Each structure stands twice: as structure tokens, then as C-alpha cells.
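Visitor: Just passing along the structure, written as C-alpha cells.
The values are calculated or read from the model by the stated rules, or taken from the named source; none is laboratory data. Being a predicted model, the structure only gives us computed values, none of them experimental. We place every Cβ from the backbone using ideal geometry, glycine too, and count neighbours over all the protein chains shown.
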Number of protein chains: 4
Amino acid sequence: MDYQALLEQIHDQLRPVIGQGQVANYIPELAGVSPQHFGMAVVQLDGTVHAVGDARVPFSIQSISKLFTLVMALQCEGDALWQRVGREPSGNPFNSLVQLERESGIPRNPFINAGALVLADVLCTRYAVPETAVVDLTRKLAGHEDIHYNRRVAKSERDTAHRNAAMAYFIKSFGNLRNPVPQVLDAYCRHCAIEMNCVDLARAVTLLAHHGVLPRTGERLLSLGAAKRINALMLTCGTYDAAGDFAFSVGLPAKSGVGGGIVALVPGECGVCVWSPGLAPSGNSLAGSLALEHFTTLTGRSIF
Amino acid sequence: MDYQALLEQIHDQLRPVIGQGQVANYIPELAGVSPQHFGMAVVQLDGTVHAVGDARVPFSIQSISKLFTLVMALQCEGDALWQRVGREPSGNPFNSLVQLERESGIPRNPFINAGALVLADVLCTRYAVPETAVVDLTRKLAGHEDIHYNRRVAKSERDTAHRNAAMAYFIKSFGNLRNPVPQVLDAYCRHCAIEMNCVDLARAVTLLAHHGVLPRTGERLLSLGAAKRINALMLTCGTYDAAGDFAFSVGLPAKSGVGGGIVALVPGECGVCVWSPGLAPSGNSLAGSLALEHFTTLTGRSIF
Amino acid sequence: MDYQALLEQIHDQLRPVIGQGQVANYIPELAGVSPQHFGMAVVQLDGTVHAVGDARVPFSIQSISKLFTLVMALQCEGDALWQRVGREPSGNPFNSLVQLERESGIPRNPFINAGALVLADVLCTRYAVPETAVVDLTRKLAGHEDIHYNRRVAKSERDTAHRNAAMAYFIKSFGNLRNPVPQVLDAYCRHCAIEMNCVDLARAVTLLAHHGVLPRTGERLLSLGAAKRINALMLTCGTYDAAGDFAFSVGLPAKSGVGGGIVALVPGECGVCVWSPGLAPSGNSLAGSLALEHFTTLTGRSIF
Amino acid sequence: MDYQALLEQIHDQLRPVIGQGQVANYIPELAGVSPQHFGMAVVQLDGTVHAVGDARVPFSIQSISKLFTLVMALQCEGDALWQRVGREPSGNPFNSLVQLERESGIPRNPFINAGALVLADVLCTRYAVPETAVVDLTRKLAGHEDIHYNRRVAKSERDTAHRNAAMAYFIKSFGNLRNPVPQVLDAYCRHCAIEMNCVDLARAVTLLAHHGVLPRTGERLLSLGAAKRINALMLTCGTYDAAGDFAFSVGLPAKSGVGGGIVALVPGECGVCVWSPGLAPSGNSLAGSLALEHFTTLTGRSIF
């Protein structure tokens, strides 16, 4: 597979749609990003990097951070984690509070905000400075030290996170948060504010494409079972309420963020990341979703 | 892969749990089935059959029929079908009526009852006797003529289908059923009452493992894209509200029925069917789910 | 209190708004009624009648019939009725199906459609031809024989009652309907199609203003307690999802119908009925609601 | 009416049930109150006091405070208040968060917690120390200075108010709280922690029985319309999810609190207060509800 030619072909095909969609605007720091960005990278298990466009421009990873905090929470808690958070698609973007009520404070899955607040709580219990621990993991996965979280983004998100605060206090009312809510929200907002580029992120998810073994070093960070299961969760729950549609049209495990990034992976083969800030109504990058659809059509590499 | 040895190993491992779980009891015809049955079959793309236990005993396929009616509705309508039924997991077993309300009568996906009622309506429009057409498809996929629907089961289901009737009238109130509700319910209940055995069903889903081409004849019944997409739907929506968990623990596209059957498939390789009537609270066969979990663990053949 | 002068004053004040609002249009027979109608009547406990405008023009009583079927169902079942239907406001027009689910098929109160279907079921059990029995009660309350139900309206409603059918089958699935659903729907639609005029209806509710004793004859049809409790139900549940607002601005027990009629009563004093077909978004007659608001402001006769 | 004899009769009749029910136990200060308390008082518009049992023992008024903050918020905002809070029964104790979602952060009525948080926000905007202003109103209504809020109760409630915090942040996310959430919660919890006795409270609600004029001084604190409307709200929304049932069986405007107090009033006649800490599952005082039911049965003084 000539991935470099493929990425260039995808980039060319997508030029007409780059810039379309709505850039996330609930905080000024995200609203100011140009919708014209487009970057895409593939990193193979042997470390070979293929990249086009803005693949080395850092962006706010936002909900993609939930993938990293899930890896860490599983390292902390093992399967006991699944007593505090479920593994089912949430079905409806609007009713997470209803579901929390019905399911007594157990979020449906770790990739909705409610679930990621529980992950953040796990990390607050285990680490004195959880955001530092998460940044350290992203550095290890990316293979270099120049990864940080953006303090202004984190602060802006924290100041406007009324709905996440509502969710956190609601979970707390069921006894499913151990740490003070403000501390959990601080950690959560900092995780979301981590900045990485497409090459970093594509390399990071080779961990999951390689079933839990860090390709660069051969170190096992997750059991085979845990890695496969995270892949399954990405497929069923990774792209907000469009997960069914995404599985249908792309057919790869993926996790998106409102910063416009989407990571995906081909098991046994490679990690992929695409970034373009214009979002579809589902909250997923519009050009990014199409790029991944082209990727599986052209490579025939869907998991189905 | 020595599938025959594998099936025998799985059968041995599961002996302690066969008979556990609750046999579906909402109609007498299902309640009378012995919970001690267990059968499992693998059919490879070249037609080789492997089978253990009661793999040749016919059972009521129930919701597995939704897979066949989906194939037919897609043949009738193509992608226009997706304007009448969605492709997202339903999230909650209890709120399909709520979701219908919120989404103006468009069921979340074709594998929930509401969605299958729309499929039945499509077939009522296209075929004078839709149940005959569905039976014909199952005969073609299984490669023999001895497949029927059980009239007593169909009648029993029809007489007690108050909740499905409620759903159908509700969808009708939004204009998303074209035919009279009683006619749609008749067809739906007859589809559910089709009886097949594990070998038939494992062979039937080789169509999807072979990406839309009937392996026995080489005839293409579905486009590559349509076949892959049905596989994706099975993974995200095929096993009731346990789809996330099933993807997590089994990792194969699958569709279950309350008769205790589950079909699954390994893309490019084989169709699988397991049957054991005792159900877990999720509505999926208890021993059947475990059998498939063993299958992917032992073969390493999950799609992730 | 010079009620006649009062009614004329109200009629004059309302002239600018008569004709506003939306005439119910889900069946042709209702859609064809002129929005320019306005009638109002007061009948005192001694039988004195005061009337203005179209107070003697018959109209479709629609949901006002729920008041009469409640009186009859209470006569049949006594307090045992309250095991099959609740006494609480429904809170939300959109979620009656959700509430039925949560409350296992027990409708919140007898004035929502779900509740009135249970009332109709009670009458189907007790009477061979329940609609005849209901018409007989309205004749007795109105003091003359010329009251009928409109067969074309009943048939039209029956043919389009998909949502009520959904509700009825849903209640049936919980075991809270004893008779076949089509029979219950027939009765329900015929009750709604009864035609009466403002004078008839104002006289009919003097039964409740007189705490269960028919003023014309002195016959007790309901116990004091039952009559007061129906009044309480009218106040808290009688005007769709605007009951709180109606209690707030009018402050009298009342029951409205989408035909544009509203009955109300001043305990110990009189029955009132107003009719004007243009509806507010709440489903209550727009001019009718304002007329009753004027009535309590001018008479000082709210119950608060 | 010999109210004193009446109260003694009611007290005697209720002895067998006093002590039944569940004392509110979510904070230690409430859990420690003896369930054996029972007090009841009637204060007539001319100031005559009738009292039995523990009618002069102070208790935590809890949600009865919503009545006083509503009076004050109406004094601050007039009818503009109704743009920020609704006037409809909430229908379901469990779904206030759902309703907030559906209705964009506008609580259904001022007597559910969500609504009272908006009232507290109005008072936070108007008063530097809102709890002092509320205490001042209760002193004015009761006619003496010895009324305070219990700081330990307020602190305990504040420390465990996770669900109220969730609600407040959720309302804030819709822009319907103007002040910082912690400040609003502080005020809210202090209002709930005010302590008064039955005589104080019965006298306080004579303001509403007298339609907005303080009987003791003749001072008008609310317009006639506003007073009648508060009475209507008490009837439709004053006793949690049992308001329909309460209107049905008692038939008087009333407001209850989980401290076991219930205030009620007979328009034009008297204020009533009963206190007994054992609660029915609805959250209303068990013996208190029965006492009021006896009161209207024996006096014939329901508003219906």
C-alpha cells in the first residue's frame, strides 16, 4: 500500500469541502482556529510516517484525550473500572442526564463526557497531578517530549463548563465520584486542552493497532484483550451520536474531538489521524470524516 | 484452523452452563423448548461445514429474521431505505417509543422492533405475500427448500403483540408506515416465526462474510458496500442493548434472537451460528454468547 | 350578580379576539367549523339560564366528554377506579407514553387521552353500547332528549386515531384494558363526537357545582366527596398542559375540548360554558380562556 | 366554627398514626428529630389563635420557605418573574432535569427545587444578604423577631447538596442564573434552614388567606391577583408529586416541607399549619396530610 500517494489523493479529493462545517465556538480559543486547516497522517507499525497538509500543526485534542485517560484508568483499575462506567453506546446526545438517573450514576461508556469525568476521578485518586500523568503518557506514545496542555484553553473550558459541572455533581450525588467535583473538573478540562499534531496522534494509536504493545519499544502497556476491547469501544462509542453511522460508512475504530481531530486505526497495520476544524452537526470533523471514508474505500481496509 | 476440533472444545467447555438462563416464555410455543439444547456450526466460504450438538435441530429464528428482511429491504429500496430507518444504536431498551417521538417516527436502526416493522412495511409494499418472499430468500441462502415458518408461533405472537402494535400505530401516526398496521404486524410475526437450524443459518450469513456474493453460486446479491455496512450494523446494533458489551467481549458482527440463536461471521472467512435457548437478561442466548466469546478467544479471529 | 349583563360585557370585550387562534384541523369535520363562533352560557343552581352569542349552537364536545365518562366510570367502579388511573397532572404533553411505561400502564389522570381510554374500557365492560349510555347521561344532565353523537365525526376520528391506537395497545400490553382495543377505540371516538351547546353543557355541570345532586330533580348522582374530587381533578388536570396556568389565571374547575368548548363551574353557585373554535397552542379555546378569565375577574368568583 | 375543639378532635383521631412514616434523614440535623411530634394551629384573619400539641415547637421549614421566597421574588420582579420560571405542575419527581432540558432551563414552577433556585438567584441579585431579607419577611408575617435560620442545618444541606448543585449548574448552562452557583446554593440552603413553629406559620399564611393584605396591620404586600395566583400555585404544585392527590383529598392551597410541616389556608378565613416529622413516600408529612384531610371533612371548608 503506497500510503503517501493515498494521502495525497485524499487531500486532493477533499479540497472542495475543506473549510466547510462549523468550527467549535463555545470558547474563544477554539473559535479562533482557521477552518482551512487540513492535515492527515498514517504511521505504520514499523514506525514509517506518511503525512500531508497540516499534519505537523498542533491542535486541541479535546475528546480524543478520553482515549488516553481510558488507557490510564484501565492501567489503574483493571476490569474493576467497568463497575463505575458502562460499555454501551449512549443512544442519544440529549439524554445523558436521564441515563445517569436511570442507571444510578453509572455513565453509559467512557467516551461520553459523563464517563470521562469518572475516568478523571480515577486519575485524581491515583495521581497527585493527573494532567501531568496524562501528558506524560501522550509523550511516551508520541515518542518525544514536546507535548503540553494549553492553560488558556483549559481555563476557558473550566470557566464555561456549567453543563459538565451539572453532570459531575449529579454523578457525585450517586456516589460515583470520589474526589471533590472542582478538582475533577480541573483535571478533565486540562486533559481536553492537550495539544498534539496528526503525526503524534497517529503514532499514539499504533499502541492499539499493535494490540497493546508500544511498537517503538516492544513494551506491553495493555493486555491483548484490553487493547481489542478499547478498539471495540471506539467503534461503538467513539464518534458521539454518529457512531453507528461512522461504523457504517468508515468501518474502523475511531475517536473524534471537537477540535476537529479524529484518530482511527487499522488493527495489525497502522494508526491514522486526520484534522480539519470544520465540524458536521454530529460534532465530528466534516472533512475528517470524509477523509476516513475515502481511506477505507481506497484501501479496502475496513474491519468488516 | 481445525474448526471441528474447536467446536468440540467449545461444546465441552460450555457443558456446565448449558441449561442456565431463562427460556423466552411470552408465548407457549417458545416456552416449551428444552433449555438443554446446544448446537453450533461453522460454514467456511468454500462450503465446508463443521457442526456440534444440536446444530441440525430447527429452532425459531425470531429477531435473526431482521437480518434477512434488511437484506431484502435494501434490495427493494437501496440507500433510500435510510430515510425511513436510522443506523444508530438505540441506547436503551426501554425508550424506543420516546426515541420514535423525538425522531418523528424514524426508528433508530433496523434491528430494533420498530425498525423491523418499517422493513416489513417495505416488503408489504413490494410483495403480495412478504413472508413467502422472505422464506424464499432463506431457502436460497441455505441451499435447500425445507424451510418454513411456524404458523402456530406466528399466530401466538400476533395475538399477544400489543406492544409491537402500539409501536406500529405510533410509527403510522408519523406517516412512516404505508400499509395497514394489521397487515404489517402479520408479516412481521411470520418473519419471526421462521424455523432454521444452525447449519442453515451459518451458511446463510456466509453471504455477508463473502461481502455480498453468495459463495455457493458466485451470484452477487448485495454490493460490497452494502454487505460491509450490514456487518457494521450487526456489530453496533445486532444484540439488543448489549451490543457494546458484545462488541467488547466477542468482537464479531452478530445478530441474536430470543429463540436462543445467534449468527455471527468472520469477514472473508466463515459464517457461524450457535443456538441454546436459555437467555441472559439482555435477551441474548447465555451459552451462545459465551460460545462466541470462546470462539474469538481461541481463534484470535475478532475483527479488532 | 347580573349574569346576563356580565355575559354581554364579556362578549363585547372579546370581539377583537374572536376568530383568532387555530381551529382543530386533524379531521375535516372539525376543520370546517367557522372560527367566528362565540357563545357563552351561565346556568344557576335554581335553573336560571343566561346566554349570549352562539350559546345554543351545538358543537363537538370532544374532550369535555371525559368529564361525563368519568362520572359514569366512578358510578360503575367507585374508588376502585383509582387503581387503574391516577390523579396527578401529567406534566408534559409529549411524554404520556413515557409515563405509561414508567407507571406500568396506569395513566396519570382520567383527563388525558390514555386515562379516558381506560374510562371507555370500564364502560365497555359495563354497557353493551357504551356510547348510548353516555349520550343518555348527557340528556339527563341537560334535561332534554335532543343530544346525539355525530357519526361522521366519530368515523373520521376513528380512521385517523393512530396515536390513540398506539396508546391503547400500549396500555393493553400492561393488562390495563379488559376489552379488545378496536372496541375501546370505537367507544372513545363516539364519546368525543357527542354534540351539545353551551346552555346544555353549563346546565350539565351544575351537577358538580351542586356537589353531586342534580339541581333540576334533587337526585344525588355522586357522593359529596366524589363531586368535590372531580372538581379538584378539573382544576389540576382539566385543561391539558396549561392546567397550572389556567388555575393561575382563571381559578375555577374547568374542562376543555379541541372543539373549542370549555366548561367551568363556581361551587355552590353555577355552571358555565363558553365556546369559540379558535384554539391557543395549548389546545384550549383562545377566546374561551380569556372569557373565563374576564368572568372571574369581574365576578370575583375564583375559588381562591 | 369552634376551631379549638376541632383541632383537639383531629389530634385525638390521629394519635394512632403519629410516629409513623419516615423522618427525613439525608442530613443528621433532620434525622435526629423525634417522629412523635405533632402540632397544629389555626390563625383566623382577626388574629385569633387555636393550637394543639407541639404547635409552638420550632422546626425546620425546608420547602415551605419557597412560599416566602416566591412572595419576595414577585415583589422584586412582578410578572417578569414568569419569564424565568413556569406555572405548571412538574408531573414527575424524577425528571426535573429532563424537563429543564426540554424547556431550555426554565423550571416548571417555583415550588420544585429548580424553580426555587431561580427564586434564590432573584434574591441574590436584589439583596446583599438574601437569607437575612427572607428571615425579615418571616418575622414580619409572624409578628415577632425570634425567627432565625439554623446554621448547622444550612451547612449540612450545603455540604450534601450535590443534586441541587447539578440542577443549578444545569440552569446556569442555559443562562437562567445570574449569580455564581455557589452563592445561589448558599442562599437556597439557608432559606430551607429557617426554623418556625406552627403558630408562626399559620399566621404567616393569613397574608394569602387575606388576599395579599397583612391582617395584623392592614398593609398590602401583594396585589389581590398575585395573592390568588400564589394560592392557585400552591394547589397545583405545592405538595411535590402528590399535588393532584392532595387537591383531590384535601382541597386547600398548601405547601409542604420535608421537615414535616405543611401550611394551608382557607381563602377569606384562616391560615393553618400542621407539623409531624414522619413522611409519606411522597415527601409530605403523613400525619399532617391526614390532619388536613380531617380538617376539610369536618369543616366542609374545601375550596371545591
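Visitor: For the subset of region D:208-217 comprising residues that are on the phi < 0 side of the Ramachandran plot, in contact (Cβ under 8 Å) with a residue 12 or more places away in the chain and assigned to a loop (DSSP other than H, G, I, E, B), which member is surrounded by the most Cβ atoms within 10 Å (Cβ to Cβ)?
Guide: D:H210
Visitor: Still on this structure, I have one more. Can you tell me which residue within region A:132-153, out of those that are of a type in the set (S, T, N, Q) and in a helix (DSSP H, G or I), is nearest to the other protein chains (Cβ to nearest Cβ)?
Guide: Filtering region A:132-153 for residues that are of a type in the set (S, T, N, Q) and in a helix (DSSP H, G or I), the one nearest to the other protein chains (Cβ to nearest Cβ) comes out as A:T138.
Visitor: Of all residues being free of Cβ contacts under 8 Å to residues at least 60 places away in the same chain and surrounded by fewer than 19 Cβ atoms within 10 Å (Cβ to Cβ) in region A:142-154, which is farthest from D:Y169 (Cα to Cα)? Just the residue, please.
Guide: Within region A:142-154, the match that is farthest from D:Y169 (Cα to Cα) is A:H144.
Visitor: When you scan region C:244-276, how many residues do you find that are within 20 Å of C:A73 (Cβ to Cβ) and not hydroxyl-bearing (S, T, Y)?
Guide: Summing the residues that are within 20 Å of C:A73 (Cβ to Cβ) and not hydroxyl-bearing (S, T, Y) in region C:244-276 gives 6.
Visitor: Which of (1) closer than 23 Å to B:A5 by Cβ; (2) small (G, A, S); (3) touching a Leu at 6+ places or on another chain (Cβ under 7 Å); (4) more than 9 Å from every other protein chain (Cβ to nearest Cβ) does B:S302 not meet, given it meets every other one?
Guide: (4)
Visitor: Working carefully through the options D:Q4, D:Q75, D:Q99, find the one that is free of Cβ contacts under 8 Å to residues at least 24 places away in the same chain and either among the polar types (S, T, N, Q) or more than 21 Å from D:I230 (Cα to Cα) (or both).
Guide: The unique qualifying residue is D:Q99.
Visitor: Moving on to the next point. Within region D:155-196, can you find the residues that are touching a residue at least 60 places away in the same chain (Cβ under 8 Å), surrounded by fewer than 24 Cβ atoms within 10 Å (Cβ to Cβ) and in a loop (DSSP other than H, G, I, E, B)?
Guide: Hits for region D:155-196 are D:F174, D:G175, D:N176.
Visitor: State the number of residues belonging to region A:109-135 that are without any contact (Cβ under 8 Å) to a residue 24 or more places away in the chain and not aliphatic (A, V, I, L, M).
Guide: 2
Visitor: Also, quick follow-up: Which count do you get for residues in region B:32-74 that are at pLDDT below 95 and part of a helix (DSSP H, G or I)?
Guide: Of the residues in that region, 0 qualify.
Visitor: Out of region A:121-130, which residues are touching a Cys at 6+ places or on another chain (Cβ under 9 Å) and buried (at least 18 other Cβ atoms within 10 Å of the Cβ)?
Guide: Across region A:121-130, the qualifying residues are A:V122, A:L123, A:P130.
Visitor: Identify, from the list C:V85, C:V98, the residue that is within 14 Å of chain D (Cβ to nearest Cβ) and surrounded by fewer than 23 Cβ atoms within 10 Å (Cβ to Cβ).
Guide: C:V98
Visitor: Here's something else I'd like to know. Consider B:V205 against the criteria (1) touching a residue at least 40 places away in the same chain (Cβ under 8 Å); (2) more than 17 Å from B:I112 (Cα to Cα); (3) within 14 Å of chain A (Cβ to nearest Cβ); (4) surrounded by fewer than 20 Cβ atoms within 10 Å (Cβ to Cβ): it satisfies all of them except one. Which criterion is unmet?
Guide: The single condition B:V205 does not satisfy is (4).
Visitor: Now a separate question. Got a sec? Which of D:S90, D:S156, D:S104 is hydroxyl-bearing (S, T, Y) and at the interface with another protein chain (Cβ under 10 Å from one of its Cβ atoms)?
Guide: D:S90
Visitor: Checking the conditions here, which among A:A280, A:A254 is within 18 Å of B:S302 (Cα to Cα) and under 17 Å from the mean Cα position of the chain (by Cα)?
Guide: After ruling out the rest, the residue left standing is A:A254.
Visitor: Could you grab the pairs with beta carbons closer than 7 Å, sequence gap of 6+ or different chains, first residue in region D:7-26 and in contact (Cβ under 8 Å) with a residue 40 or more places away in the chain, second one polar (S, T, N, Q) and surrounded by fewer than 19 Cβ atoms within 10 Å (Cβ to Cβ)?
Guide: D:I18/D:Q36; D:G19/D:Q36; D:Y26/D:T160
Visitor: Restricting attention to region A:208-221, which residues are more than 13 Å from A:Q44 (Cβ to Cβ) and either of a type in the set (G, A, S) or within 14 Å of the chain's Cα centre (by Cα) (or both)?
Guide: Of everything in region A:208-221, those that are more than 13 Å from A:Q44 (Cβ to Cβ) and either of a type in the set (G, A, S) or within 14 Å of the chain's Cα centre (by Cα) (or both) turn out to be A:L208, A:G212, A:G218.
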